[in-house]
Structures are given as C-alpha cells and as structure tokens.
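Below is one structure, written out as structure tokens, with a few remarks after it.
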Amino acid sequence: MTVTVAALGFPRIGPQRRLKTALEAHWAGRLDAEGLEAEAAALRALAWRRQADLGVDHVPSGDFSLYDHVLDTAVMVGAIPAAYGWTGGPVDLPLYFAMARGTQGAPETCGHGCSHQTATGLPALEMTKWFDTNYHYLAPELAPDQAFTLASTRIIDAFLEAKAQGVHTRPVILGPVTFLKLAKSKDRHFQPLSLLSALLPVYAELLQRLAAAGADWVQVDEPCLALDLTDFERAEIRRAYGALTHAAPRISILLASYFGTYGDNLATAANLPVEGLHLDLVRAPGDLDAVLALARDSLVLSLGVVDGRNVWRADLEAILDRVEPVVSARGPDRVILAPSCSLLHTPLDLAIETGLDPQVSQWLAFAVQKLEELAILAKALNQGRAAVRDQLAASSAALASRKTSPLIHDAAVQARASALVPADATRATPFAERIALQQARLSLPPLPTTTIGSFPQTAAVRAARAAHAKGQLPDADYQAFLRAETARAVAWQQEIGLDVLVHGEFERNDMVQYFGERLTGFTFTKHAWVQSYGSRCVRPPIIYGDVSRPEPMTVEWWAYAQSLTARPMKGMLTGPVTILQWSFVRDDIPRSQTCRQIALAVRDEVVDLEAAGAAIIQIDEAALREGLPLRRGDWGAYLAWAVEAFRIAASGVRPQTQVHTHMCYSEFNDIIAAIGAMDADVISIETARSKMELLDAFEAYAYPAQIGPGVYDIHAPRSPGAAEMADLLAKAGQRLSSSQLWVNPDCGLKTRRWEEVEPALANMVAAAKAARAALSA
C-alpha cells in the first residue's frame, strides 16, 4: 500500500501549441476532419504517456477537448439548441464548431441531413469565464422541455483509446449539478437545475458503460461546491450522487471540487456515498482539518497540495510536514497527492524556457515540474525523506533565494504605494459636470461610434513581429512597417465614418504582455502558452517582484496616430486589475498590494497621455469581475481594492479628459454598484450574444455614466448585417437613454480577419447613422 499521485487534467494544447495549429488549419480548409482527429489522438497519446512516465498513477482521460470541455459535455448529453438543426445521431465537426464559433454564409447541409447555417449564419453559444479563471467556456443553452440522451461516447472512447496504448486512466467528467448550474436558458425565469431528474439517467448510463469498458475509478468534477449553494442545491447534490452510486456500483467516484473552500458545503460533500473526495489545499488549506473531522475512515482523500493555477515552485518540506500525519492516521492507500485543480491553467514545461533569468527560473514550476514535485512528495511519504534528500534540499534552497533576492524588492515602489491617500483615488469633479466639459471639447454626435482598441493581427503583422524578434528585420524597417499599418487603419476608420478612432495596436503582441514588458517586476517566456478558449492561447507574464514604470509605454504611438487625423484618437491602456488577473502573480505578498503598484504605473501613463494631448483615454478592465472570490461574503474586500486600483489609475487627469473602460464576459447585476463606483465616464461592455440582456443591470441601477453595449459579436467568424446590429441597438435604447449610448463591437478585433471586420464595422456605422436619423425624426 502506497501513497499515489494523480493529475486532475493536463494541458490540451500540446507542445508548440499543436492543437491551435491543427484547429486553425482545419477551419481554413487546409486540414480535413480526419486529419484533425488524427492530430488530436496524437496529442492525447503524448499527454497520457508523458504523465505516466512522470510517475502519475491516476492519469486522466476525457480531459482533452477540441474546443471546450463544457461544450463537450453539452454535446455528450444531447443538449444542442434547436437552432442548430440537430435531429439526433452523431454530432459532426461542422455542428460542433457551429456551436463553438458560429457560422457565416449560406445554408450548408451535412451528411446527417441537418442544416448548420442560415442565410445570415448562426451565432455561437454564449461564452463566459470558467469560475474565477481566465479560461472561457461555452454556456450550455437549455429549454424547459429539454430532453437528454447519450449523444457522444467521447469519454468512453478516450478511456479505451488510452487502454489500447497500455495506459489505464481515470476518466474525467463534468458533474451533472455543475453542468446545470453553468447552463442558461432563453426563458429567463427557468432554472436549469430543475432538469436534474432528466439528466441523471444519461450520467448513469455513461458510468455503467465506463465500468463495462474496464474503468475502476472516475473523476466527477463538481466545482459548484466551492460556491454559495442553497439548501435545495445541496439536497440536489445528495440526490444526484445517491442515484449515480446506486445505478453504477461497479465504478468508484472521486468527487472533485477546486478553486476554493467547500465551506458550508463540506458536510454535504464529505457525506456523499462516493469513494473519494478531492480538496484544493492551495486555495483552502483549512479544509483538510475540517474533512479529517468529518470523513469516514474508508473515504479516499485526494489532497491538492501543488498549485494548479500558478507557476511557483512548491514548498515540499512544508507539504510533507502537513501530509505525513494524515498518511499515518488514514493509511497510505487512503491518500492521493494531486495538483489543486486541472493543470489546464499552467504552461506545459519549464525545461524549454532557456531564456529566463536563472535566478527567476529556479523559483518556477510548470505542469511537468508540478507532476515531478508530486512524485518527489509521494516517494518521500512512501520511502522516507532521505530517499529524496537532494530534491528537498534544492526546493528549500530555491525558496530561500526567492525570499531574499534583490530582484524582488524595490523600496521606492513600496514607499510610494504606502503613501497613497483617498484623494489619489478620486476625481474631484462629479460626472455630470465632467461630461458637459468633455462634450464641449469633443463635439461628438448622438450615438458616437468607436471600436474597443485592437484591429486584426494579420499574418503580415505577425510575420514582421517574428522577424524583428529574431533580428531578421531591422528596428527602422519594423517601425516603418508598423507606421504604415497604423496609417492605413486610421485612414480606413475615417473613410467608413467612425467618430472616435484607435490606432490599432499593431505594435502590441498582447494587451497585458505589451505593458508587462515595459514594467519592472515582470518576466516573460517564449513557450509558456495556456489555453484561453478554443485555439486562443495566451502567454501570461510572470510578476515576480515590485512593479514600476521606468518610461512612457504608449505615448509615442498615440501621438503618431493622432497626427494623422483631426478626429479624437483614444489612448489605449490595460487596467491594473486586468494586468494582475491575466498574469501569473507573485504569491509572497497580497494580490491587492501588487495591484496597487500596477495602478500607480498605469496612472503615470495616463497622466503622460493627457499631457501629450489625448482627450479620451481608455483603461480596459476586462477582468474585473473574474477576480471576484467565489464566495459572496468575500466580494466586498476584493471589490474595494480592485475599484480603488482603477480609480488610482484614472484620477490623475483633468475633468475635460474622458476616461473610458471596457469589460467583457461579465454578468454585471451583482457588481453594478462597484462598476458605478469606478467613476468612469464611459464603459463599453460585451452584450451582443446576450441580446442586450446584460444591460438590465445598468437600467435597474440607473447607471449615470455613458455605455457602449457591444452590437458586434467578435468571437464568431461572421459579419453581422446593419439590420441585425440596428435591432440590438434598438433593444439597448429600450433600456437606456439614447444620450447615454455609444455604438461599438463587443471587444477588440485582434483575432478577427479584415474580411470580416471591414463589412461588420461599416454595417455598425450604418446602423448608428440610421438610429441617429430616427432620433432626429
């Protein structure tokens, strides 16, 4: 009997982002369905073998997805909205990707006889953030009369596929209660959880078929147990797992929650008739003692002792001090060591990052290294610490280095942050007075049009950036290229009639990385990609030390773009909370302190942009809501420092300077007061997929400032017509005064193609002009 090691999930994208390459080749018509499935199978095989070789005893299967695991679950249970024309049978790739990405153009009929497109195309399912992470999932769309069936055997097929390769895996499935809680309905009064009785037979069939295929354990993820639940919801969880364990007695269930504490759901979880329970001991270290007091002796505990969401090396000695008594009390066969959550959220392998400062590199661990750490811990628990003496010594030495390194600590930055007073986070002039001064300065028409910031990063832009990074394109030539791209974008915006312009951000590799590269306390990788959604991958910066801005970051490019036009040119910045949320953040000081340091750096840039003549400065806070703690009782403290950080960044300018912000992927109802407290002059938000329903929160709150609700869903590869956008604009006008409204896309256009963007934005301007004419009439 030994302590074993498990992974709850592994990065899907593979080495060199092979999944991204294959997906985009398929969408472009260069790789057929068979080729895409073959590459997916190769990536799965590589992941299984690698984890097994690293010493993982419980290798996951079913965690791989071509786009999103929540979408996969919806397809698996046959939860496909009627608009997609599915009439049963296998779900092919055109239908799957229609749900993920939407469609464009004329109707197309697949081999199963179902139409995947209409004349104007189909929208994608609504996309939103996965709990408090930067991963995006597609929200299942359910109807009150929803029927479920086991429409896909993907989970079973993956288990058998791994088995054929000599790897016995532990299948991973998204639990039925979390699936229903993540789902949405067009009927705003319908509660998807009421469909649990209809859904459970499908899960029971899946578990029975997995057992028949030879699976002995299955990991069922119910991260909703980290949320505030009602008594009814807890009762439904008890009912669900009572039914599933009764229906499938031949397979053992490990119930997994993560991202936070079980809290008042712990008694429910610990007393479910399942064989194992996973604890996120990184986010909720206090759960261990509470579970030990409640758990029956036979319950297997999966201890999430290594951080699955950050990149810092673990304190192995401290973990052993904590876990050794548990192993002694419960027995090694009742303890599994694991990451805190799926390693989906971490980069793949630190070993290929050869360009990092060696001192910083020794403090880090990516997915591969985290599994190595777990193997070291298991060996120490099974054979004694002496068996891994050298590895433990190296871990301790790295931690000691990090605590004392001068790379981390900057006394001047710390003193400036400590000296902040409330006036530093306050605009002295009220909004009603500011907006009048701004309108006098800007002279904008009703329903002014603009975009969110970025324009398409074409193959030519990416190629020039890559050539410059490799030293193949001289600085002067690269700057000339970027100036030409910017000039074309400015001229085109004027041509189609946009009122407030942007420079296009062609010089920026990423809205966070660009700024992090110009701030102290950040480091960057070459290959540390993580999946955001589908083929969209990001390389988050790593914040390892105190943050400051040595020199202006955007003023030169803003000034050049403004010199090309008499129309207002927005200064474009990423806000402090978003920079924080979309980075791997140091864990040796509170996040609020790091955010305050970033806010001061952004404030310096805002002041310099104003001094250069910028009349409008946008400070994007796309990630404000995703930073919310999962428990509502913890929201107040987070929102206080997050809103303060934005206000620090924005409050150094005169009242005549208009401050914009942008948010996406957010349900605003429950944080609308905090959004109001940010005191931005204009906020642009993603609303196209929700058909403007997200504006209900602003209407109910009587939001005083101006709002740009997105009328163009930029996450789908389609160009909406003027009538479609005019309809959305009319819906917005039913909720808010036309004097408050701006007209813009949902988000930046970096990931789209010009062939999509040009007609879409021209249609958007046409819709705005028609709405203005209607107002005049």
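Could you list all residues from the range 232-255 that are of a type in the set (Val, Ile, Thr) and under 18 Å from ALA212 (Cα atoms)? Step through it out loud before you land on a result.
Here is the first cut: in the range 232-255, the ones of a type in the set (Val, Ile, Thr) are 237, 245, 251, 253.
If the condition is that a residue be of a type in the set (Val, Ile, Thr) and under 18 Å from ALA212 (Cα atoms), then THR245, ILE251, ILE253 are the ones that fit.
Scanning the range 502-554 for residues that are more than 18 Å from ARG465 (Cβ to Cβ), in a loop (DSSP other than H, G, I, E, B) and among the aromatic types (Phe, Trp, Tyr) turns up just one, TYR544.
If you go through the range 724-735 one residue at a time, do you hit one that is in a loop (DSSP other than H, G, I, E, B), touching a residue at least 24 places away in the same chain (Cβ under 8 Å) and surrounded by fewer than 21 Cβ atoms within 10 Å (Cβ to Cβ)? I'd like the intermediate steps shown before the answer.
Going residue by residue through the range 724-735, those that are in a loop (DSSP other than H, G, I, E, B) are none.
Scanning the range 724-735, I find no residue that is in a loop (DSSP other than H, G, I, E, B), touching a residue at least 24 places away in the same chain (Cβ under 8 Å) and surrounded by fewer than 21 Cβ atoms within 10 Å (Cβ to Cβ), so the answer is no.
As a summary of the residue check, ARG49 satisfies the conditions (1) over 18 Å from LEU348 (Cα atoms); (2) outside any loop (DSSP other than H, G, I, E, B); (3) of a type in the set (D, E, K, R) except for the one numbered (1).
When you scan the range 394-403, do you find a residue that is among the basic types (Lys, Arg) and surrounded by fewer than 15 Cβ atoms within 10 Å (Cβ to Cβ), even just one? The answer is yes, given that some residue of the range 394-403 is among the basic types (Lys, Arg) and surrounded by fewer than 15 Cβ atoms within 10 Å (Cβ to Cβ).
Flag not set for ASP72, criterion: within 25 Å of LEU255 (Cα to Cα) and open to solvent by 30 Å² or more (accessible area, probe 1.4 Å). Only residues that are crowded, with 18+ Cβ neighbours inside 10 Å and touching a residue at least 40 places away in the same chain (Cβ under 8 Å) were counted across the range 736-755, and they come to 12.
In the range 19-40, how many residues are open to solvent by 30 Å² or more (accessible area, probe 1.4 Å), assigned to a helix (DSSP H, G or I) and out of contact with any helix residue (DSSP H, G or I) (no Cβ under 6 Å at 6 or more places or on another chain)?
First, the residues of the range 19-40 that are open to solvent by 30 Å² or more (accessible area, probe 1.4 Å): 20-21, 24, 26-34, 37-39.
From what's left, assigned to a helix (DSSP H, G or I): 20-21, 24, 26-27, 33-34, 37-39.
Still in the list and also out of contact with any helix residue (DSSP H, G or I) (no Cβ under 6 Å at 6 or more places or on another chain): 20-21, 24, 27, 34, 37-38.
Counting residues in the range 19-40 that are open to solvent by 30 Å² or more (accessible area, probe 1.4 Å), assigned to a helix (DSSP H, G or I) and out of contact with any helix residue (DSSP H, G or I) (no Cβ under 6 Å at 6 or more places or on another chain) gives 7.
With the requirement that a residue be closer than 22 Å to LEU564 by Cα and in contact (Cβ under 8 Å) with a residue 12 or more places away in the chain, what does the range 459-486 give you? Result: VAL461, TYR478, PHE481, LEU482, ARG483, GLU485, THR486.
Of the residues in the range 333-347, how many are open to solvent by less than 30 Å² (accessible area, probe 1.4 Å) and not in a strand (DSSP E or B)? Before the answer, list the steps.
We begin by selecting, within the range 333-347, every residue open to solvent by less than 30 Å² (accessible area, probe 1.4 Å); these are 335-347.
Subsequent filtering for residues that are not in a strand (DSSP E or B) retains 340-347.
Residues that pass the stated criteria total 8.
Just one of the numbered conditions (1) open to solvent by 10 Å² or more (accessible area, probe 1.4 Å); (2) free of Cβ contacts under 8 Å to residues at least 40 places away in the same chain is not true of GLU233: (2). Remark: pairs (first residue in the range 658-678, under 16 Å from LEU573 (Cβ atoms) and among the aliphatic types (A, V, I, L, M); second residue part of a helix (DSSP H, G or I) and open to solvent by less than 20 Å² (accessible area, probe 1.4 Å); Cβ separation under 7 Å; 6+ apart in sequence or on different chains) = VAL659/ALA650; MET678/VAL643; MET678/PHE646. On the stretch given as the range 556-596, residues that are open to solvent by less than 30 Å² (accessible area, probe 1.4 Å) and under 30 Å from ARG488 (Cβ atoms) total 14. Residues in the range 348-371 that are assigned to a loop (DSSP other than H, G, I, E, B), of a type in the set (A, V, I, L, M) and open to solvent by 10 Å² or more (accessible area, probe 1.4 Å): LEU348, LEU356.
Among residues of the range 410-421 being part of a helix (DSSP H, G or I) and more than 15 Å from ALA649 (Cβ to Cβ), the one that is most open to solvent (accessible area, probe 1.4 Å) is SER418.
Looking across the range 1-18, just one residue is at pLDDT 95 or above, over 27 Å from the mean Cα position of the chain (by Cα) and open to solvent by 60 Å² or more (accessible area, probe 1.4 Å), and that is THR2.
Please indicate, with yes or no, whether at least one residue in the range 445-454 is open to solvent by 30 Å² or more (accessible area, probe 1.4 Å) and in a helix (DSSP H, G or I). Can you show your working first?
First, the residues of the range 445-454 that are open to solvent by 30 Å² or more (accessible area, probe 1.4 Å): 445-446.
Next, only the ones that are in a helix (DSSP H, G or I) stay: none.
No, that holds for no residue.
Residue count for the range 265-288 satisfying the condition of being among the acidic types (Asp, Glu), buried (at least 18 other Cβ atoms within 10 Å of the Cβ) and in contact (Cβ under 8 Å) with a residue 40 or more places away in the chain: 1. Checked against the criterion of being of a type in the set (Val, Ile, Thr), at pLDDT 95 or above, open to solvent by less than 10 Å² (accessible area, probe 1.4 Å) and in a strand (DSSP E or B), the range 209-228 contains one or more residues that satisfy it. Screening GLY88 with (1) on the phi < 0 side of the Ramachandran plot; (2) part of a loop (DSSP other than H, G, I, E, B); (3) open to solvent by 10 Å² or more (accessible area, probe 1.4 Å) gives one miss only, at (1).
The values are calculated or read from the model by the stated rules, or taken from the named source; none is laboratory data. Treat the numbers as computed from the prediction; the structure is a model and nothing was measured. Using ideal geometry, Cβ is built from the backbone for each residue, glycine included, and neighbour counts are taken over all protein chains shown. Heads up: the accessible areas ignore ligands, DNA and RNA and are worked out on the full protein's heavy atoms, side chains in. Shrake-Rupley method; radii C 1.70, N 1.55, O 1.52, S 1.80 Å.
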